[in-house]
Amino acid sequence: MKPTNPPKTYRVTSFGCQMNVYAGERMADLLGERGIAPAPQGEEADLVVLNTCHIREKAAEKVYSDIGRLKKPDGTKPMIAVAGCVAQAEGEEIMVRAPAVSMVVGPQAYHRLPDMLDKAVQGERATDTDMPAIAKFGALPQRRRSTPTAFLTVQEGCDKFCTYCVVPYTRGAEISRSYNSLVDEACKLVETGAREITLLGQNVNAWSGEDEAGRAVGLAGLIQALAKIDGLERIRYTTSHPNDMDDALIAAHGEVDKLMPYLHLPVQSGSDRVLKTMNRSHTAESYLRLLERFREARPDIALSGDFIVGFPGETDAEFEETLTLVDEVRYSQAFSFKYSPRPGTPAATMENQIAREVMDERLQRLQASLNRDQLAFNQSLVGKTCDILVERKGKHDGQWLGKAPWLTSVWFTEEDGRSAEIGDLVQVELIEAGPNSLQGAMRKAAIA
Ligand code: SF4
């Protein structure tokens, strides 16, 4: 590749999970620290970072077609870096198949992006899929800016090896960032505008560390520490695994006011035989009992889940068990997908792969139940007055959008001369419920 001028502008496009969004924000901080500016809306950037996700079928093929489409108005290609889980899984292969790519960097090595950029400017293409997860965080710059709602990665990697999942192969073993570095970064986020922080991890509730006195603490201990930060009003966490839940975290939902009444806990299937072949190491019954304990600790807690339909070998009767579990839990929201074989995972070579039309039919039935319950949950909130964190302006004058404590979206209007601003916590009476959001009227201006 020929030497080229250093890029003046960049665009980081992140696909997939919130941890990729967090990584994308950190890569933007790294490039900003080098004096490279975000490309203005609608303008092509000198440097494009495709921060990829490997979860869906044909994920890798999508990256190659995205690369093919990148062109500057003068027909030349911008400088291209491929990051994220497809970069980790494909590595050098991307360099062979896509000559236009200058840098391939895995999710645990993106702190080295500036050094790779220096080489690329000299015409040297570079691949880095090393996995020094902890070292990465130590090498990242201070947070530069934050929106009212911010993400904070506290844990990375996964040791569970569910048979359908690539994460243990693309993100490596479970690691926990240090207690002190997390409290520091959370304080920085609040100083730069965050009012709500969502703690992120592939198995966030596997986080463990030592507090400032050297005592061993789990996620509940970290949440209690963060709750002491002035200006931080709300704390959330995602994504958890049933087997890493402990009494302290359940109790925290009843004790820590700033911990929001929302729990995202994937289950994937309601059939114990399917859960076994998925290597989920829990049963439907143990999962249901766990949710019961959360509801005892915080009766108005909103529950969310993840589901896979059509896992190899799943029978009609086993799919019915999933519907039965959904009827029992009544989720406030949930994410559901058709099984898609991922190269290199045990399930991809399992017998009895399910036909696509059967998967389609099962997904439709499952989503009908989940949508029924989501609407019912939203309707149960009508008449309540609650705090809303204002995230952005609505289409109409005096209309705003924000999130309720249960992570439900609320459109509300200013009333009686009260006005709102992005980042405010305001009190809103919930008046009308829809399938995906609620309508409300502001009853009290900024309360914090
Ligand atoms: S626990 Fe989650 S991230 Fe880990 S292997 Fe299972 S599905 Fe993947």
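The values are calculated or read from the model by the stated rules, or taken from the named source; none is laboratory data. Quantities reported herein were computed from a predicted structural model and do not represent experimental measurements. Because the Cβ atoms are built from the backbone with ideal geometry, glycine has one as well, and the counts that use them run over all protein chains shown. For accessibility, only protein heavy atoms count, side chains too; no ligands or nucleic acids. Shrake-Rupley method; radii C 1.70, N 1.55, O 1.52, S 1.80 Å.
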Which pairs have Cβ atoms under 8 Å, sit 6 or more apart or on different chains, and link a residue in the stretch 151-176 that is farther than 20 Å from residue 24 by Cα to one that is aromatic (Phe, Trp, Tyr) and more than 9 Å from the ligand (Cβ to nearest atom)? 164/311; 164/339
Yes or no: residue 96 part of a helix (DSSP H, G or I) and either at positive phi or open to solvent by 20 Å² or more (accessible area, probe 1.4 Å) (or both)? yes
Would the stretch 353-363 turn up any residue that is within 14 Å of residue 163 (Cα to Cα), in the same structural domain as residue 287 (by TED's automatic domain parsing) and crowded, with 16+ Cβ neighbours inside 10 Å? yes
Looking for whichever is open to solvent by 40 Å² or more (accessible area, probe 1.4 Å), away from the ligand (no atom under 16 Å from the Cβ) and out of contact with any helix residue (DSSP H, G or I) (no Cβ under 7 Å at 6 or more places or on another chain) here; the options are 210, 255. Which one fits? 255
Could you list all residues from the stretch 27-67 that are open to solvent by 20 Å² or more (accessible area, probe 1.4 Å) and either touching a Cys at 6+ places or on another chain (Cβ under 7 Å) or not charged (D, E, K, R) (or both)? 35, 37, 38, 40, 41, 42, 53, 55, 64, 65
Kindly indicate whether any position in the stretch 203-216 is among the hydrophobic types (A, V, I, L, M, F, W, C) and under 23 Å from residue 142 (Cα atoms). yes
Test: residue 248 is under 30 Å from residue 423 (Cβ atoms) and part of a helix (DSSP H, G or I): no
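Residue-by-condition table, conditions (1) open to solvent by 20 Å² or more (accessible area, probe 1.4 Å); (2) touching a Gly at 6+ places or on another chain (Cβ under 9 Å); (3) at pLDDT 90 or above; (4) in a strand (DSSP E or B):
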{"site": "400", "(1), (2), (3), (4)": "no, yes, yes, yes"}
{"site": "406", "(1), (2), (3), (4)": "no, no, yes, no"}
{"site": "411", "(1), (2), (3), (4)": "yes, yes, yes, yes"}
{"site": "415", "(1), (2), (3), (4)": "yes, yes, no, no"}
{"site": "418", "(1), (2), (3), (4)": "yes, no, no, no"}
{"site": "423", "(1), (2), (3), (4)": "no, yes, yes, no"}
{"site": "427", "(1), (2), (3), (4)": "yes, no, yes, yes"}
{"site": "441", "(1), (2), (3), (4)": "no, no, yes, yes"}
If the requirement is being within 21 Å of residue 295 (Cβ to Cβ) and small (Gly, Ala, Ser), which of these qualifies: 376, 368? 376
Reported set for the stretch 386-398 where residues are surrounded by 14 or more Cβ atoms within 10 Å (Cβ to Cβ) and either under 14 Å from residue 196 (Cα atoms) or in contact (Cβ under 8 Å) with a residue 24 or more places away in the chain (or both) is 386, 387, 388, 389, 390, 391, 393
Do we find a residue being out of contact with any strand residue (DSSP E or B) (no Cβ under 9 Å at 6 or more places or on another chain) and either more than 16 Å from the ligand (Cβ to nearest atom) or in contact (Cβ under 8 Å) with a residue 12 or more places away in the chain (or both) anywhere in the stretch 299-307? yes
Being modelled with pLDDT of 90 or more and either hydroxyl-bearing (Ser, Thr, Tyr) or under 25 Å from residue 170 (Cα atoms) (or both) is the requirement here; does residue 87 meet it? yes
Residue hits (the stretch 271-283; away from the ligand (no atom under 12 Å from the Cβ) and open to solvent by 10 Å² or more (accessible area, probe 1.4 Å)) are 272, 273, 276, 277, 283
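Here is a yes/no grid of residues against (1) among the polar types (S, T, N, Q); (2) at pLDDT 95 or above; (3) more than 16 Å from the ligand (Cβ to nearest atom):
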position	(1), (2), (3)
181	yes, no, yes
188	no, no, yes
192	yes, no, yes
205	yes, yes, no
215	no, yes, yes
236	no, yes, yes
Search result, residues across the stretch 121-163 that are open to solvent by 30 Å² or more (accessible area, probe 1.4 Å) and within 16 Å of the ligand (Cβ to nearest atom): 131, 159, 160, 161
